[in-house]
Amino acid sequence: MSAHKNPRQFPANTREALANAPLQKTLERIKLGFQLFRMAAMQELPELESLRTALAAAKDRALAHLPHYLEQFEKNVIANGGQVHWARSASEAIAIVSRIAREAGVKRIVKSKSMLTEEIGLNAPLIRDGFEVVETDLGEYIIQLRDEPPSHIIAPAFHLSRADVTQSFRAAHTHLDPKRDIDDRKSLVREARQVLREKFLAADLGITGANALIAETGTVCLVTNEGNADLSMTHPRVHVAIAGIEKILPAMDDLALQLRLLGRSASGQRMTVYTSLRSGPRKAGDADGPEAFHVVLVDNGRSQLMRAETREVLRCIRCAACLNHCPVYASVGGHAYGVTYPGPIGAAFQPAISGIAATHHLPSASSFCGRCESVCPAKIPLTRIMRHWRERGFGKGVAETPNAIALKLFAFAARHPRLFRAAMKLARPFWHLPFGPMAKWRKHRNAPPAPAGSFVARVQQRRKP
Amino acid sequence: MSARDDILAALARNGASSVPPANAVSASPIPAIATKRDAEAFARFAALVKESLAEFVEAPDDYAAMREIAARAPKSLPIAISPQKEIASLDWAGAGIEARIGASPDLPAGVSMADSAIAETGSLLFFSGANSPVLAHFLPDIHFALVRRSTILPGLNDALALARARAMPSTVNFITGPSRSGDIEQTLELGAHGPRQLVVIVLMDR
Ligand code: SF4
């Protein structure tokens, strides 16, 4: 069973996920973990609502003037001694990183967790170009060994058990004693630390993502709990930070705001263990730090999302609260979506990157309960944006599902009252038949008993004097 | 057209502006937890350091701090001391510690001095510099972090303003507890890549 799924096969993927007993057990942890932690962390923040409103406003301001802030950011990075590169697409971004590595004479690359590099598929081409590329976030490292995509945007190995990890480490770390005991979590973490420490110390290039880009100072902000971003961006002689253009914040006070909400929304932490700001390469006289610092600014569909109908999705700070509170994600996990960003944020964001034809199932994979937007720290109207993509899907005729056909039939009938009434009469006996199309539809839904007499008949009845 | 021009043009086509907003300052509300001062700030900092799974120690002076370190560090091994003047110049030998100045990947224990601390989050704040290697806070297994009580700031905005006032050092680190990972079965394990143990020693200057 491959973890790499196709979003076009979403309904089949979900059936497979629902029948996967170990996965279902793992998914139970969402409620007891992420949801409770978040709730507890918000207790000491009675100002939560005004902070969410302020973050939405700060991001909106950044987006409304994005060309200005991007240019300001670029100017300041250069003033700090760094370099800025611009990539329209995934392939341009990959080519830029590969060129930087080649020109710097790099052999070994360590990477800190970055969803953007998953989105553009950075690792495989770099390895093809002859570089060693090692993921250093523990979860990312595990799934790299297993050749799987992440299943959660902040907990990439969420779907795996300890036994899976033990097995992967035994298969990969053949230089270690095959009889060693690595059945418990502590020894697994210790072994990963030891193996990866050597990789950090040997690497020439560290690649990180970016949690925020601060325009007024030309600063890249990174947060981790493990410290892997810090080792990646400090020890190797070159640091490349790769970031979506929407990561811009105008000022440091906006960063304070984002940090207050990011950790709490994500994992219920006031502050992730390590929050680090990189403003340029090492200065003359600095004790350590990279000799060269590059920022790669990536568009890859984002400028198209700037249109009014979808702009708010670019406020996203990738906290994963929407996934953690989504009943669909909690039922099927991340892999079933078959895209980089699962859950509500994926349904709102991924169509812009992968096209609506490939992803039209995702905005439909929602009960529209709205929990995602009630917890989103940036107040993104996720359901409205999902509806937008649904409409686009129908409009483009890509969603020729039974639902779409049924809706078209309904629309036709609704415009022809006589036909409608006749159809209703005919349909009534079929409503509760244990076979046929209605039975299929009722399999996962409650159908209330059909009332005696149609709606129209009842209205007419009541009007009678 | 270059990629840069293309991206900027696409943004402009979709309604984004290339001039700054008329009023440049955003009014960001400061929550009550980020406004504590003096004794209140210290109490919050102490509580949050402990919550972050770090050890919290008060030391009346440098010598007390060195004794606390000697009591906890692995015996018979040198300790890596960050070359920051304030701590590199202390009489480590007098406290029975073999000091090795500089960050070291080979020594299990290391000491560095924080530039400031934050009551709002229980974080330590470190600025990189000529005598302040970033790796001093990440390489050791046991990290002893000294911080002066008088440098504790109320909140994140104050800390970021301080970094700006220092002309943005090339690296600024906020550290809140020892390194950890929840990546295996969503269960916390300490010491993923950075220190497994963090000992925060507050020098009680007034
Ligand atoms: S959409 Fe909102 S809740 Fe979801 S990841 Fe982005 S910021 Fe977090």
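The values are calculated or read from the model by the stated rules, or taken from the named source; none is laboratory data. Worth saying up front: this structure is predicted, and the values here are computed from it rather than measured. As a convention, Cβ positions derive from the backbone with ideal geometry for all residues, glycine included, and neighbour counts pool all protein chains shown.
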If you go through the stretch A:321-330 one residue at a time, do you hit one that is part of a helix (DSSP H, G or I), within 14 Å of chain B (Cβ to nearest Cβ) and within 13 Å of the ligand (Cβ to nearest atom)?
-> yes
Helices (runs of 4 or more DSSP H) wholly inside the stretch B:1-76 that include at least 2 residues being at the interface with chain A (Cβ under 10 Å from one of its Cβ atoms) = B:3-13, B:38-51
One residue from A:VAL295, A:VAL375 being farther than 16 Å from A:HIS152 by Cβ and touching a residue at least 24 places away in the same chain (Cβ under 8 Å) | A:VAL295
What about A:ALA229, is it in contact with a Phe, Trp or Tyr (Cβ under 6 Å, 6 or more places away or on another chain), buried (at least 24 other Cβ atoms within 10 Å of the Cβ), among the hydrophobic types (A, V, I, L, M, F, W, C) and within 11 Å of chain B (Cβ to nearest Cβ)?
-> no
Search result, residues across the stretch A:344-366 that are within 16 Å of the ligand (Cβ to nearest atom) and free of Cβ contacts under 8 Å to residues at least 60 places away in the same chain | A:PRO344, A:GLY346, A:ALA347, A:ALA348, A:PHE349, A:PRO351, A:ALA352, A:PRO363, A:SER366
Provide a single number: the residues in the stretch A:65-91 that are among the aliphatic types (A, V, I, L, M) and over 28 Å from A:GLY121 (Cβ atoms).
-> 2
Among the residues of the stretch A:254-275 satisfying the criterion of being farther than 18 Å from B:ALA119 by Cα and among the polar types (S, T, N, Q), which is nearest to the ligand (Cβ to nearest atom)?
-> A:SER265
List, please: which pairs have Cβ atoms under 9 Å, are six or more places apart or on different chains, and start with a residue in the stretch A:259-286 that is under 16 Å from B:PHE138 (Cα atoms) and end with one that is part of a helix (DSSP H, G or I) and of a type in the set (D, E, K, R)?
-> A:TYR274/A:ASP230; A:SER276/A:ASP230
If you take the residues in the stretch B:164-178 that are facing chain A (nearest Cβ under 7 Å) and among the small types (Gly, Ala, Ser), which one is farthest from A:THR224 (Cα to Cα)?
-> B:SER170
Of the conditions (1) touching a residue at least 12 places away in the same chain (Cβ under 8 Å); (2) out of contact with any Ser or Thr (no Cβ under 7 Å at 6 or more places or on another chain); (3) crowded, with 21+ Cβ neighbours inside 10 Å, the single one that B:PHE174 does not satisfy is (2)
Hey, can you tell me all the residues within the stretch A:284-320 that are part of a loop (DSSP other than H, G, I, E, B) and within 15 Å of the ligand (Cβ to nearest atom)?
-> A:THR310, A:CYS316, A:ILE317, A:ARG318, A:CYS319, A:ALA320
Test A:HIS175 against the stated conditions and say whether it is in the same structural domain as A:LEU116 (by TED's automatic domain parsing), away from the ligand (no atom under 16 Å from the Cβ), in contact with a helix residue (DSSP H, G or I) (Cβ under 6 Å, 6 or more places away or on another chain) and part of a loop (DSSP other than H, G, I, E, B).
-> no
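Every residue, every condition in (1) facing chain B (nearest Cβ under 9 Å); (2) farther than 22 Å from A:THR117 by Cβ; (3) within 18 Å of the chain's Cα centre (by Cα), yes or no:
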{"position": "A:GLY244", "(1), (2), (3)": "no, no, yes"}
{"position": "A:LYS247", "(1), (2), (3)": "no, no, yes"}
{"position": "A:ARG260", "(1), (2), (3)": "yes, yes, no"}
{"position": "A:SER276", "(1), (2), (3)": "yes, no, no"}
Are any residues in the stretch A:112-161 under 23 Å from A:GLN194 (Cβ atoms) and of a type in the set (S, T, N, Q), and if so, which ones?
-> A:SER112, A:ASN123, A:THR136, A:GLN144, A:SER161
Need at least 3 residues that are within 23 Å of the chain's Cα centre (by Cα) per element, so show me which helices (runs of 4 or more DSSP H) inside the stretch A:1-87 make the cut, counting only ones lying wholly within it.
-> A:10-18, A:21-27, A:36-42, A:48-64
Expected single match for under 19 Å from A:LEU201 (Cβ atoms) and surrounded by fewer than 21 Cβ atoms within 10 Å (Cβ to Cβ) among A:LYS111, A:LYS107 is A:LYS107
Checked the stretch A:24-46 for anything at pLDDT below 90, of a type in the set (A, V, I, L, M, F, W, C) and surrounded by 13 or more Cβ atoms within 10 Å (Cβ to Cβ); matches are A:LEU27, A:ILE30, A:PHE34
Could you tell me which of the residues A:GLU74, A:GLU92, A:GLU49 is more than 7 Å from chain B (Cβ to nearest Cβ), among the acidic types (Asp, Glu) and touching a strand residue (DSSP E or B) at 6+ places or on another chain (Cβ under 9 Å)?
-> A:GLU74
Inside the stretch B:123-154, can you point out the residues that are in contact (Cβ under 8 Å) with a residue 12 or more places away in the chain and facing chain A (nearest Cβ under 7 Å)?
-> B:SER123, B:SER128, B:GLY129, B:ASN131, B:SER132, B:PRO133, B:VAL134, B:LEU135, B:PHE138
For the stretch A:169-180, indicate whether the set of residues that are surrounded by 16 or more Cβ atoms within 10 Å (Cβ to Cβ) and β-branched (Val, Ile, Thr) is non-empty.
-> no
When you go through (1) within 16 Å of the ligand (Cβ to nearest atom); (2) surrounded by 24 or more Cβ atoms within 10 Å (Cβ to Cβ) one by one for A:ALA336, which number turns out not to apply?
-> (1)
Check the stretch A:102-109 and report whether any residue there is under 30 Å from A:SER331 (Cα atoms), assigned by TED's automatic domain parsing to the domain that holds A:ARG282 and assigned to a loop (DSSP other than H, G, I, E, B).
-> no
